[in-house]
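**Student:** Take a look at the following structure, please.
All of the numbers you see were taken from the coordinates with simple rules; none came from a lab. Treat the numbers as computed from the prediction; the structure is a model and nothing was measured. Cβ sites come from the backbone with ideal geometry, for glycine too, and all protein chains shown count toward neighbours.
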Amino acid sequence: MQSYVKLALKVLGRRKVFTLISLFGIAMTLAVLVVATAILDDAFEPRAPQSRFDRVLAITMVSMIGPRSTETMNPGYRLIHDYIYTLPGIEAATAFSEPAQIGIYRNGGRTDAQFKRTDAAYWRVLDFRFLAGRPFTADEEERGALVAVISDGLRKRLFRREAALGRSMEIDGRDFRVIGVVPDVPITRFAAYSDVWVPHTTARSSDYRHELMGNYNGIVLARTRNDLPRLKSEFAARVKRIPIDDPKRFNRVAASLDTPFESFSRGAFPARFGYDAAAVMRIILTILTLLFMTLPALNLITLNLSRILERASEIGVRKAFGASRGALVMQFVFENVVLTLIGGAMALVTGAALIAALNRVDIIPNAQFALNVRVLLYGLVLAAFFGIFSGVYPAWRMSRLHAVDALRGGAQ
Amino acid sequence: MIRHLLKLVWHRKRTNALLIAEIFASFIIVFVVVTMALSLLLRWHQPLGFDYHDVWTVRLSGIEPDFEAADDAHRPVVEQLLREVRSFPQVVDAAMSATPPYGNATWDSIRDFEGRTVRLTCDSVTDGFANVMRMRVLRGRWFTPADDALSYQPMVIDADVARELFGDRDPIGQKFDKDERIIGVVAPYRKNGEVSATAEHFAFYRKSLTKPNGPVPRMIILRVRPGTSPDFEQTIAQRLHAVSPETTVHVHRLERTRDGFLRVRTSPILFLGIVSLFLISMVALGLTGVLWQTVTRRTREIGLRRAVGASGTNVRAQILGEVALLTTLALLLGTIIVAQLPLLGAFRLVQPAVFVSGMAAALATIYAITLLCGAYPSWLASTVEPAEALRYE
C-alpha cells in the first residue's frame, strides 16, 4: 500500500505540466460541486433557527383540481388553522405568511425589509437565538398587539448603533414596538427568512382567516421523527374531507404534508401532486452532477491515455516480472485516485474561498454557507468516485499491452 | 493530403474518438451559452412598448376578491382608492392592472381562433393604463370610460398579435371570441421587459370600476412627476389607509422592481457562462497536453519526414491539419445534432437568425480554441532535428 502511494506520487512528479493540468480540472470541478453541496446542505439540513427541521412537515401549496382547470397557490390561514393546528399528538404547529417586501419609512427615507406575519407557536417551532428582547406571546397574538421582532441587519439599517428594544417603527401605516432582535437569517431557510415578524392578527382585515388558499405556509413539529408517516397519512385523510368552495369548477383538493426537501421538489415541477417529487428531484440532481463531471472525466481519460505509451517500458518490465493484469489495473486506478484526492483537497480550499466570497458579496441575502463535515465527506466521496470513474478505462487499456510490445516502446 | 491525415487520425482512433467526444461536448456547451447570450442581447435592446421611469405601483391586499362572484364586493373601495391616488398633484395619472410589468404574476391564455390555437399573454387594466405606461396606439383606439355602455367586451391587442391573427387584414372591429371585439392595436408590449420573448403576444382586457364585471385588479399603477421624493410613498399609503383602514398598502417603485426582476433572470446565464468558461478552459488545457504528448511520442515519425525533405512548416501544417480534421469531425457531428433542434420546436424559443449565428459563433470559437491549443505543440514539432530524432530513445 505504502509503496503504491510512493509510486503514484513519483509518477505524478515526473511530468509536472500534465499533473498540473489534470489537477486544475479536477480541483475546479470538485470545487463547483462542493459549493453546490454547501448551498443545498444549508437549505435542507437542520440548522438554527431551523434546528428541529428533521422532525417537521410543511405545507406550502394547495391545488384545486377540476375537470377543466387546476389552480395552485399557497394554503390560506383557514386550512392551516382547521386542519393542521388540530392534528393529534404533535408538539406544535405554526402558520406564517410568505415573505413580502415592504418599505419602512423613517426620517424621510425608506428602508426595504422582508416581512412575515405569524403566530406565537412559530417561536417554539423555530429556535431563534434572541440577541435582545423576546418573542411575542400567545396573549399578544390573541390581542393583535402591535409588536415586532426584527433581524439584526434591519436593526442596524434602521437604528444604527442605538438599542432597538422599545423603539417604534411604522409598518403598514401603524406603529409597531420592537420587542425582540434576532440574528440575520439566510434566504435559503424558507421558514425562518425575514427581517420583521409581527402577529398575524395585526393584519388590517380579517379576511385571510376565511381563506382555504392564500399566502400562508404551515409547519408541524412532531414529537419524534417516527411520527412523521402517521401525520402525513392523517393529513391526507383530512384533505379528502375538506369541503370545496366552488363545486362547479373544482371537484378535488390536493395538498400534502411534506418534509422540507419534498416541499422544495414539489414546488419545482409543474404537475404537483400524486407522485414522489423528492425522488424525481434526487434523480435529476444526480444526473446533472454526472453530466457536469463527464467533460472533466473525459479530459482526464484522454490525458491518461496519451501517457500510456510514455510508460510502456515500465508496464513491460512489470509484466515481464509477472505482475497480473489486475495488479496493474489496481496500480493505475490507485494513481488516479491519489491524483483526484489531491485535487479534492485543492477543491476544498478553493471551495472554501468561493463560499467565503459568496457570503461576503450580497448576491444571496444573508448567506451563511459553510464547509462542514458533511460537505467535506461529500467532497471526498465525489473525488473518489471521480477518480475511479476516470481511471478505470485508461488502466484497462494500459494493462492490455503485451509485455514484448511494451518493452519495445509501445504497440501501434 | 486530407486522405493522408485521415489515415493518421484513424490510426489512433481510440484516443481520437475521446478527443472528438470532448470537442463535441465543448461545442454543444458553447452553442447553448452563446445562443442564450445572443438572444438575450438581441431582446435587451428591443423597444419595450412602455416607459417604466417614474412609475410606481401600489399593491392593495387584505381585501381579496371572490373570483366567482359576478361583481367584486370591494369594487367601490378600489374605485375610491384609485380616485384618491389620482387626486394628488404629484400624480400624472393612475390606473389598475392585474399583472403589471416586471411582476411575477402572469396570465397566460390559450385560445381558439378561426380553428387555430393561439397563445396570448393578457392583462386586465382600467382606462388610464395606456397613459400611465406611455403606450403608443398604432390603430383604432384605447379604452375610454364610455366603453361601459358597449354591448361587447372591448379588447386591445399588440402589433404581434395583430400580425399573427389577422396578417394584413385590419383587426379593428374584428370579433375575437363570442362577445369580444378588438378596438385597438398598440406597439408590441413586453411585460417582462428586457428579458421578454421578442413577441410576447399581448392582449389587454378592459376592467371597469363603475359597473359589475367580475373581480377587479388589486394593483394601482401610477406615474409621478419626475423628481418626486420617497416621502410621497408614505403620503400615499397614509391617505389610502385613512380611506380604507381594512386595506394593506405596499408602495414600490417600478424601476427598483425592474432591477430585482432583471437580476434574478440574468444571473443564471451569468452563472452558466462562468461554469462553461471554466469547462472550456479545462478542455483546452487538456487538449494542449494531449497534442504535446503526441508530438513527443511521434518524434521519430516527424524526424523521418524531416529527413526525407519536409520543411518545418510542412510538419507544422501536418500537426495543425490533424487538429483541424479532428475538430471538423467533432463539429460535423455537433452541427448535425444541433440542426435537429428546430424539429423539436427550438424556433419557438429562439429566432432562426439567433440560432444560426449562435451556431456560427460556436463553430468559430471551437476552431479558434483547438487551433490555439495546437499552436505550441506544432511549433515544437517543427523544431525537431532529423538527426537527433532518428536516434531518439
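**Student:** Using a 7 Å offset from Cα along Cα-Cβ at B:ILE110, what residues in the range A:58-74 end up with backbone N under 12 Å from the label point?
**Tutor:** A:69-70
**Student:** Further, regarding this structure: Under 28 Å between alpha carbons, and skipping anything fewer than 8 positions from A:LYS319 in its own chain: which lysines qualify?
**Tutor:** Counting by Cα, and skipping residues close in sequence, A:LYS319 has these lysines nearby: A:LYS6, A:LYS10, A:LYS16, B:LYS13.
**Student:** Another question, if that's okay. With the crude spin-label approximation of a point 7 Å out along Cα→Cβ, what separation in nm comes out for A:LEU9 versus B:LYS13?
**Tutor:** Rounded to a tenth, the inter-label distance reads 4.3 nm.
**Student:** Sticking with this structure for a sec: Would you work out the charge dipole size for the protein assembly as shown about its Cα centre, treating the Cβ of every Lys and Arg as +1 and the Cβ of every Asp and Glu as -1, and quote it to the nearest 20 debye?
**Tutor:** Working: 96 positive and 74 negative charges, 658 e Å.
Charge dipole, the protein assembly as shown, about its Cα centre: 3160 debye, nearest 20.
**Student:** Gap in Å between the Cα centre of the range B:329-369 and the Cα centre of the range A:347-392?
**Tutor:** If we compute the Cα centre of each part, the gap is 33 Å.
**Student:** Hey, another quick one. For a quick check: with amide H placed at 1.01 Å from N, whose amide H comes under 5 Å from B:TRP107's, ignoring anything fewer than 5 positions away on the same chain?
**Tutor:** Close amide H contacts, sequence-distant or interchain: B:CYS122.
**Student:** What are the trypsin sites (Lys or Arg not before Pro) within the range A:205-284 that DSSP puts in a loop, where the Cβ has at most 12 other Cβ atoms within 10 Å?
**Tutor:** Numbers: sites: A:ARG209, A:ARG223, A:ARG225, A:ARG230, A:LYS232, A:ARG238, A:LYS240, A:ARG241, A:LYS248, A:ARG249, A:ARG252, A:ARG266, A:ARG272, A:ARG282; in loops: A:ARG223, A:ARG241, A:LYS248, A:ARG249, A:ARG272.
For trypsin sites (Lys or Arg not before Pro) across the range A:205-284 that sit outside H, G, I, E and B with at most 12 neighbouring Cβ atoms in 10 Å, the list reads A:ARG223, A:ARG241, A:LYS248.
**Student:** A further question follows. Do you know the relative contact order of the range A:61-257, to the nearest whole percent, from alpha carbon pairs under 8 angstrom that are 6+ apart?
**Tutor:** Relative contact order of the range A:61-257: 35 percent.
**Student:** So who's got an amide H within less than 5 Å of the one on A:GLU91, skipping anything under 5 residues away but keeping other chains? H placed 1.01 Å off N, in plane.
**Tutor:** A:LEU221, A:ALA222, A:ARG223
**Student:** Would you please give the FRET efficiency between A:GLU314 and B:LEU277, computed as 1/(1 + (r/R0)^6) with r the Cβ-Cβ distance and R0 = 41 Å, to the nearest 0.05?
**Tutor:** Numbers: r = 37 Å, r/R0 = 0.90.
FRET efficiency, A:GLU314 to B:LEU277: 0.65.
**Student:** Related question: Along the positive direction of the dipole of the protein assembly as shown (beta-carbon charges: Lys, Arg +1; Asp, Glu -1; about the Cα centre), which of B:THR126, B:ILE336, A:THR72 reaches farthest?
**Tutor:** B:ILE336
**Student:** A further question follows. Please compute, for peptide A:22-35, the average count of beta-carbon atoms on other protein chains lying within 10 Å of each residue's beta-carbon.
**Tutor:** 2
**Student:** Can you give me the Rg/Rh ratio for chain A, using Cα atoms for both radii and the Kirkwood formula for Rh?
**Tutor:** Values: Rg = 28.6 Å, Rh = 25.2 Å.
Rg/Rh: 1.14.
**Student:** Sticking with this structure for a sec: Just to confirm the filter: which trypsin sites (Lys or Arg not before Pro) across the range B:156-253 are DSSP coil and have at most 14 other Cβ within 10 angstrom of their Cβ?
**Tutor:** On the way: sites: B:ARG163, B:ARG169, B:LYS175, B:LYS178, B:ARG181, B:ARG190, B:LYS191, B:ARG206, B:LYS207, B:ARG218, B:ARG223, B:ARG239, B:ARG253; in loops: B:ARG169, B:LYS178, B:ARG190, B:LYS191, B:LYS207, B:ARG218.
Answer by residue number: B:ARG169, B:LYS178.
**Student:** Still on this structure, I have one more. Relative to the longest principal Cα axis of chain B, at what angle does helix B:312-338 sit, 0 to 90 degrees, rounded to 10?
**Tutor:** Result, in degrees: 40.
**Student:** OK, next. What helices does chain A have that are whole DSSP H segments, at least 15 Å long along their own axis by Cα, and with mean Kyte-Doolittle hydropathy of -1.0 or more?
**Tutor:** On the way: long enough: A:2-14 (18 Å, 0.25); A:16-44 (41 Å, 1.88); A:228-240 (19 Å, -0.35); A:277-306 (44 Å, 1.78); A:325-360 (51 Å, 1.36); A:373-399 (37 Å, 1.31).
Passing helices, by number: A:2-14, A:16-44, A:228-240, A:277-306, A:325-360, A:373-399.
**Student:** Between B:THR335 and A:ALA345, what is the label-point separation in nm under the 7 Å Cα-to-beta-carbon projection?
**Tutor:** Between A:ALA345 and B:THR335, the simple spin-label model gives 4.7 nm.
**Student:** Compute the distance in nm between two label points, each set 7 Å from the Cα along the Cα-to-Cβ direction, one at B:ASP259 and one at B:LEU344.
**Tutor:** My value for the distance between the label points is 3.9 nm.
**Student:** If you place +1 on the Cβ of every Lys and Arg, -1 on the Cβ of every Asp and Glu, and leave all else neutral, what size is the dipole of the range B:63-246 about its Cα centre, to the nearest 20 Debye?
**Tutor:** Details: 24 positive and 28 negative charges, 121 e Å.
Using only the charged Cβ atoms, the result is roughly 580 debye.
**Student:** Rounded to whole Hz and in sequence order, give me ³J(HN,Hα) for the range B:299-310 from the Karplus expression 6.51 cos²θ - 1.76 cosθ + 1.60, θ = phi - 60°, writing x for Gly and Pro.
**Tutor:** Karplus-based 3J(HN,Hα) across the range B:299-310 equals 3, 5, 4, 5, x, 4, 4, 4, 4, 8, x, 6 Hz.
**Student:** For the range B:223-274, with the dipole built from +1 on Lys and Arg beta-carbon atoms and -1 on Asp and Glu ones, taken about the Cα centre, which of B:ILE236, B:THR266, B:VAL251 lies farthest toward the positive end?
**Tutor:** Positive-end residue among those listed: B:THR266.
**Student:** Divide by every residue of the protein assembly as shown the summed helix terms, -39500 (n - 2.57) for each DSSP H run of at least 4, and state the resulting mean residue ellipticity at 222 nm, rounded to the nearest 500 deg cm²/dmol. Mind showing how you got there, number by number?
**Tutor:** Details: 24 runs with 393 residues, N = 805.
Helix-only estimate at 222 nm: -16500 deg cm²/dmol.
**Student:** Right, another one. Could you grab the Rg to Rh ratio for chain B? Cα atoms only, Kirkwood for Rh. Kindly include the intermediate steps, with their values, before the conclusion.
**Tutor:** Values: Rg = 31.3 Å, Rh = 25.7 Å.
Over the Cα atoms of chain B, Rg/Rh equals 1.22.
**Student:** For the modelled label position 7 Å from the Cα of A:ASN251 along Cα-to-Cβ, which residues of the range A:61-97 have backbone nitrogen atoms closer than 19 Å?
**Tutor:** Counting backbone N atoms under 19 Å from the label point, the list is A:63-72.
**Student:** Among B:HIS53, B:VAL33, B:VAL78, whose Cα projects farthest towards the positive end of the dipole of the range B:1-78, with charges put on the beta-carbon of Lys, Arg (+1) and Asp, Glu (-1)?
**Tutor:** After comparing all options, I get B:VAL33.
**Student:** Within 10 Å of each Cβ of B:275-288, how many other protein chain Cβ atoms are there on average?
**Tutor:** Values: counts 4, 1, 0, 7, 8, 1, 3, 11, 6, 2, 9, 14, 4, 2.
So the per-residue partner count for this stretch is 5.
**Student:** Let me ask another. In the range A:291-363, which chymotrypsin sites (Phe, Trp or Tyr not before Pro) fall in coil by DSSP and have 14 or fewer other Cβ atoms within 10 Å? Don't jump to the answer; show the numbers that get you there.
**Tutor:** Working: sites: A:PHE292, A:PHE321, A:PHE332, A:PHE334; in loops: A:PHE321.
Those that pass, being in a loop and sparsely packed, are A:PHE321.
**Student:** Still on this structure: Using θ = phi - 60° and the Karplus form 6.51 cos²θ - 1.76 cosθ + 1.60, what ³J(HN,Hα) does each residue of the range B:207-223 get, whole Hz, x for Gly and Pro?
**Tutor:** Computed from phi, the couplings for the range B:207-223 are 10, 9, 9, 10, 9, x, 8, x, x, 9, x, 10, 10, 8, 10, 9, 9 Hz.
**Student:** Given R₀ = 22 Å, FRET efficiency for B:ASN314-B:ALA368 by Cβ-Cβ distance, to 0.05?
**Tutor:** On the way: r = 23 Å, r/R0 = 1.04.
Working from the Cβ atoms, E equals 0.45.
**Student:** What size of dipole, in debye to the nearest 20, comes out for the range B:142-242 about its Cα centre when the only charges are +1 on Lys and Arg C-beta atoms and -1 on Asp and Glu C-beta atoms?
**Tutor:** Values: 14 positive and 14 negative charges, 67 e Å.
Around 320 debye, computed over the range B:142-242.
**Student:** By count of other Cβ within 10 Å, fewest leading, how are B:CYS373, B:CYS122 ordered? Kindly include the intermediate steps, with their values, before the conclusion.
**Tutor:** Values: B:CYS373 23, B:CYS122 20.
Ascending number of Cβ neighbours within 10 Å: B:CYS122, B:CYS373.
**Student:** Here's another thing I want to ask about it. Provide Rg and Dmax in Å for the protein assembly as shown, with only Cα atoms included in the calculation.
**Tutor:** In Å, with Rg to one decimal and Dmax whole: 32.9, 101.
**Student:** Going by how many other Cβ atoms sit within 10 Å of their own, how do B:PHE204, A:PHE235, B:PHE271 line up, fewest first?
**Tutor:** Taking fewest neighbouring Cβ atoms as first place, the list is B:PHE271, A:PHE235, B:PHE204.
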